[in-house]
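Trainee: This is the structure, below, for whatever I ask next.
The values are calculated or read from the model by the stated rules, or taken from the named source; none is laboratory data. As the structure is a computational prediction, the values presented were derived from the model and not from experiment. Here Cβ is always computed from backbone atoms with ideal geometry, including for glycine, and neighbour counts include all displayed protein chains. Surface accessibility is based on the protein's heavy atoms, side chains included, excluding ligands, DNA and RNA. Shrake-Rupley method; radii C 1.70, N 1.55, O 1.52, S 1.80 Å.
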Amino acid sequence: MGLRVLVACEFSGVVRRAFRERGHDAWSCDLLPAEDGPNAPHLQGDVRDRLADGWDLMIAHPPCTRLTVAGARWFKGREGEQAEAIAFCEILWSAPIPHVAIENPIGVLSTRSALGKPAQIV
């Protein structure tokens, strides 16, 4: 089989299925159960507990609620929540996985985190 792929913060199974259709051993992981059923290759729980499970690639879709600039006017009084969201993304980025991609809108990750400027904007 191809790569061992972890799709972090995904419960829909869309990205996971795309990788599996191409021959990869792909698993999604989210706090929520998989939308495509209990037999789906899905790890329900905190993805941080699964980062050292021997993955070759991780595609992460962390929640953008506290990271996007679109809601910046609502951040006042929620700086702690934003700091936690940034720390979560930094943990994903520094995971012991050879290839990591983090999908997120333009926001605070490029200015307030160790990640710096995005490598790619699509």
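Trainee: Checking ILE86 against (1) surrounded by fewer than 14 Cβ atoms within 10 Å (Cβ to Cβ); (2) in a helix (DSSP H, G or I), which single condition isn't satisfied?
Mentor: Of the numbered conditions (1) surrounded by fewer than 14 Cβ atoms within 10 Å (Cβ to Cβ); (2) in a helix (DSSP H, G or I), the odd one out for ILE86 is (1).
Trainee: Let me ask something additional. When you look at ALA119, is it open to solvent by 90 Å² or more (accessible area, probe 1.4 Å) and among the hydrophobic types (A, V, I, L, M, F, W, C), yes or no?
Mentor: Answer is yes for this residue.
Trainee: Quick one: would you say ILE91 is of a type in the set (Val, Ile, Thr), farther than 23 Å from ALA18 by Cα, outside any loop (DSSP other than H, G, I, E, B) and open to solvent by less than 20 Å² (accessible area, probe 1.4 Å)?
Mentor: no
Trainee: If I go through the stretch 19-60 residue by residue, how many of them are touching a residue at least 40 places away in the same chain (Cβ under 8 Å) and in a loop (DSSP other than H, G, I, E, B)?
Mentor: Total satisfying the criteria: 7.
Matching residues to (1) touching a Cys at 6+ places or on another chain (Cβ under 9 Å); (2) more than 14 Å from LEU92 (Cα to Cα):
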site	(1), (2)
LEU3	no, yes
VAL7	yes, no
SER12	no, yes
GLY23	no, yes
TRP27	no, yes
ASN39	no, yes
ASP56	no, no
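Trainee: Sticking with this one: So which residues in the stretch 13-32 are surrounded by fewer than 16 Cβ atoms within 10 Å (Cβ to Cβ) and either in contact with a Lys or Arg (Cβ under 6 Å, 6 or more places away or on another chain) or within 16 Å of GLU103 (Cβ to Cβ) (or both)?
Mentor: If the condition is that a residue be surrounded by fewer than 16 Cβ atoms within 10 Å (Cβ to Cβ) and either in contact with a Lys or Arg (Cβ under 6 Å, 6 or more places away or on another chain) or within 16 Å of GLU103 (Cβ to Cβ) (or both), then VAL14, ALA18, ASP25 are the ones that fit.
Trainee: Further question: Is it true that GLU35 is open to solvent by 80 Å² or more (accessible area, probe 1.4 Å) and modelled with pLDDT of 95 or more?
Mentor: Yes: the conditions hold for GLU35.
Trainee: Quick check on the stretch 66-82: of everything there that is open to solvent by 20 Å² or more (accessible area, probe 1.4 Å) and assigned to a loop (DSSP other than H, G, I, E, B), which residue is nearest to PRO105 (Cα to Cα)?
Mentor: ARG66
Trainee: Further question: Any residue that is under 21 Å from VAL108 (Cβ atoms) and of a type in the set (A, V, I, L, M, F, W, C) - is there at least one of those in the stretch 27-43?
Mentor: Within the stretch 27-43 (the criterion being under 21 Å from VAL108 (Cβ atoms) and of a type in the set (A, V, I, L, M, F, W, C)), the answer is no, since none of the residues qualifies.
Trainee: Next question, about the same structure. Identify, by number, the condition in (1) in a loop (DSSP other than H, G, I, E, B); (2) buried (at least 18 other Cβ atoms within 10 Å of the Cβ) that PRO63 doesn't meet.
Mentor: With (1) in a loop (DSSP other than H, G, I, E, B); (2) buried (at least 18 other Cβ atoms within 10 Å of the Cβ) applied to PRO63, the lone miss is (2).
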